[in-house]
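Engineer: Before anything else, here's the structure in question.
The values are calculated or read from the model by the stated rules, or taken from the named source; none is laboratory data. All figures in this text were calculated on a predicted structure; none of them were measured in a lab. Here the Cβ positions follow ideal geometry from the backbone for every residue, glycine too, while neighbour counts run over all protein chains shown.
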Amino acid sequence: MKKLCAALAIGLLGTTAVQAGDVRVLWYSDGVEGEVLGELLDRFMEEHPDINVILDNVAYTVITEQLPIQLEAGQGPDIARVTDLKSQADHWLDLTPYLEDPEYWRANFGDQADWMRPDGSDAITGFMTQITLTGGFANKTLFDQAGVELPGPDASWDDWMAAASEVAANQQVPMTAALDRSGHRLTGPNISFGANYIGEDGMPAPIGDGVKAFVEKFVGWNNDGVMAQDVWVSAAGTTYRAAAEDFINAQLVYYYSGSWQIPNFAETIGDNFDWVATGSPCGSDACTGMPGGAGLVAVKYTQNPEEVAMVMDYLASEDVVREFSERTLFLPAHKGVIEGGLDYQTDNPLVADALNAFVEASKATAPHALELPGWQWSSAYYGALVNRVSQVIAGELTLDEAYEAMDADIADVVATQSM
């Protein structure tokens, strides 16, 4: 019997599938991609009635907070969509012996393969469901109504904060600017001000002047009400919090998030107002966003590796990747799909312009930003940043105390994972 389940309860996804032919997929969505995946998997099961795919659609916090605990216990789903790819790579299954054509995978997904496998390995563990880049979005309607010109492509962070503040005051909008509560989201601006997380020995470098330059600005903007302080103080630890809903509801002038928001905005904003992608504001050294994306990986604790590989082969096939990308408005990682071009399924010109803006912004990605997705200690750095910067904004730590605590946090993670 074919079955496709969308389960929200974490209790339903505590272990890998144990029935012969079952494949459990743990999935989170930023927009409509969960619905698209469900339809694609329905088709797969029609073609393979002996394989039962169980789709667990969950909140992103389940991926970041609960899945790691399951993996450490040798449990979890059979396949998972995750963003923390490198630091958890020891939990991923090497699909190579089970795939129909490993060379197809190497040719089309090889550029990002190292992002999701242990250092020194040539394992094929999964593929990127999309390539993403962090960057800004502006409510163009509010700018137009305020008579304020949008800053240009070489505008600095200070330029954008000044322009957004002028618009917010003129239009009486409650929130001027926001940056997702995420250490990853802080990293592009940090690098733009000269940050380098990787030491000469490949291990984490101490918190340096580049990090301090932007973080001090960011904390100041939060304290002055330019940045939406609630985004960062309404959660604890490394918990992720986005400000997408505030932007969608036209309560926010300028929002720094990333390209994955495009399908979400296309679906939810509609024609309520005009919005534009702005690229990343400039710092002293660069105008870079952070590349990345979500990867679909096989979990090595699966009891059904052959069936898992069949599902992964199907989802990674060129026609399926193309359809998934065109319907979800994602930038694909598949080389063949990119070379063949895409016909994105939207009649919204704002979406096409935003996708093109991110493609253009990708040309300004700094070399250090390109290194981090495949670096083992990126997540340790991101976690320390988001946790301690939040404490500074909340008044619990001084900046100097936070920098010292970040170095200690990162060292603790390195020590724990090196045991």
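Engineer: Test of understanding: among D94, D122, which residue is surrounded by fewer than 19 Cβ atoms within 10 Å (Cβ to Cβ), touching a strand residue (DSSP E or B) at 6+ places or on another chain (Cβ under 9 Å), farther than 30 Å from E245 by Cα and assigned by TED's automatic domain parsing to the domain that holds D319?
Structural biologist: Values: D122 fails: touching a strand residue (DSSP E or B) at 6+ places or on another chain (Cβ under 9 Å).
After ruling out the rest, the residue left standing is D94.
Engineer: Restricting to the stretch 240-266, give me the number of residues that are closer than 18 Å to G293 by Cα, out of contact with any Ser or Thr (no Cβ under 6 Å at 6 or more places or on another chain), of a type in the set (S, T, N, Q) and not in a helix (DSSP H, G or I).
Structural biologist: 1
Engineer: Among the numbered criteria (1) in contact with a strand residue (DSSP E or B) (Cβ under 6 Å, 6 or more places away or on another chain); (2) more than 30 Å from P206 (Cα to Cα), which single criterion is violated by Y314?
Structural biologist: (1)
Engineer: Same structure again: Failed condition for V23, given (1) modelled with pLDDT of 95 or more; (2) hydrophobic (A, V, I, L, M, F, W, C); (3) not assigned by TED's automatic domain parsing to the domain that holds W92, with all others met?
Structural biologist: (3)
Residue by residue, here is whether (1) at pLDDT below 95; (2) at positive phi; (3) buried (at least 20 other Cβ atoms within 10 Å of the Cβ) holds:
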| position | (1), (2), (3) |
| --- | --- |
| S317 | no, no, no |
| A364 | yes, no, no |
| E371 | yes, no, no |
| S379 | yes, no, yes |
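Engineer: Tell me which helices (runs of 4 or more DSSP H) are completely within the stretch 45-154 and hold 3 or more residues being within 21 Å of the chain's Cα centre (by Cα) and more than 29 Å from R327 (Cα to Cα), or say none if there are none. Talk me through it step by step, then tell me what you get.
Structural biologist: Values: elements: 67-72, 102-109, 140-146.
It comes to 67-72.
Engineer: Could you count how many residues in the stretch 131-157 are touching a residue at least 24 places away in the same chain (Cβ under 8 Å) and either over 26 Å from G292 (Cβ atoms) or not small (G, A, S) (or both)? Please lay out each step first, then the result.
Structural biologist: So in the stretch 131-157, the residues touching a residue at least 24 places away in the same chain (Cβ under 8 Å) come out as 131-146, 150-151, 153-157.
Adding the requirement that they be either over 26 Å from G292 (Cβ atoms) or not small (G, A, S) (or both) leaves 131-134, 137, 139-146, 150-151, 153-154, 157.
Residues meeting the conditions: 18.
Engineer: How many of the residues in the stretch 210-251 are touching a helix residue (DSSP H, G or I) at 6+ places or on another chain (Cβ under 7 Å) and more than 21 Å from T134 (Cα to Cα)?
Structural biologist: Qualifying residue count, the stretch 210-251: 2.
Engineer: Scan P151, P189, P206 and give me the residue that is surrounded by fewer than 17 Cβ atoms within 10 Å (Cβ to Cβ), at negative phi and at pLDDT 95 or above. Can you show your working first?
Structural biologist: Numbers: P151 fails: surrounded by fewer than 17 Cβ atoms within 10 Å (Cβ to Cβ); P189 fails: surrounded by fewer than 17 Cβ atoms within 10 Å (Cβ to Cβ).
Step by step, each of P151, P189, P206 is checked, and only P206 is surrounded by fewer than 17 Cβ atoms within 10 Å (Cβ to Cβ), at negative phi and at pLDDT 95 or above.
Engineer: Give the stretch 369-397 a look and list any residue that's touching a helix residue (DSSP H, G or I) at 6+ places or on another chain (Cβ under 7 Å) and either within 17 Å of D201 (Cα to Cα) or not in a helix (DSSP H, G or I) (or both), or say none.
Structural biologist: Within the stretch 369-397, L372, G374, W377, S378, A380, Y381, A394, L397 meet the criteria.
Engineer: Considering only residues that are under 16 Å from T141 (Cβ atoms) and either at pLDDT below 95 or in contact with an Asp or Glu (Cβ under 9 Å, 6 or more places away or on another chain) (or both), which ones fall in the stretch 270-288?
Structural biologist: So the first thing to find is which residues in the stretch 270-288 are under 16 Å from T141 (Cβ atoms), and the list is 270-278.
Of everything in the stretch 270-288, those that are under 16 Å from T141 (Cβ atoms) and either at pLDDT below 95 or in contact with an Asp or Glu (Cβ under 9 Å, 6 or more places away or on another chain) (or both) turn out to be G270, D271, D274, V276, A277.
Engineer: Filter the stretch 209-227 down to residues that are of a type in the set (G, A, S) and under 20 Å from C282 (Cα atoms) and give me whichever is surrounded by the fewest Cβ atoms within 10 Å (Cβ to Cβ).
Structural biologist: First, pick out the residues of the stretch 209-227 that are of a type in the set (G, A, S): 210, 213, 220, 225.
Retained after the next criterion (residues that are under 20 Å from C282 (Cα atoms)): 210, 213, 220.
On the way: G210: 22, A213: 19, G220: 13.
The qualifying residue surrounded by the fewest Cβ atoms within 10 Å (Cβ to Cβ) is G220.
Conditions tested, residue by residue: (1) in contact with a strand residue (DSSP E or B) (Cβ under 6 Å, 6 or more places away or on another chain); (2) crowded, with 18+ Cβ neighbours inside 10 Å; (3) farther than 30 Å from A213 by Cβ; (4) at pLDDT 95 or above.
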| position | (1), (2), (3), (4) |
| --- | --- |
| A352 | no, no, yes, no |
| A394 | no, no, no, yes |
| M406 | no, yes, no, yes |
| T416 | no, no, no, no |
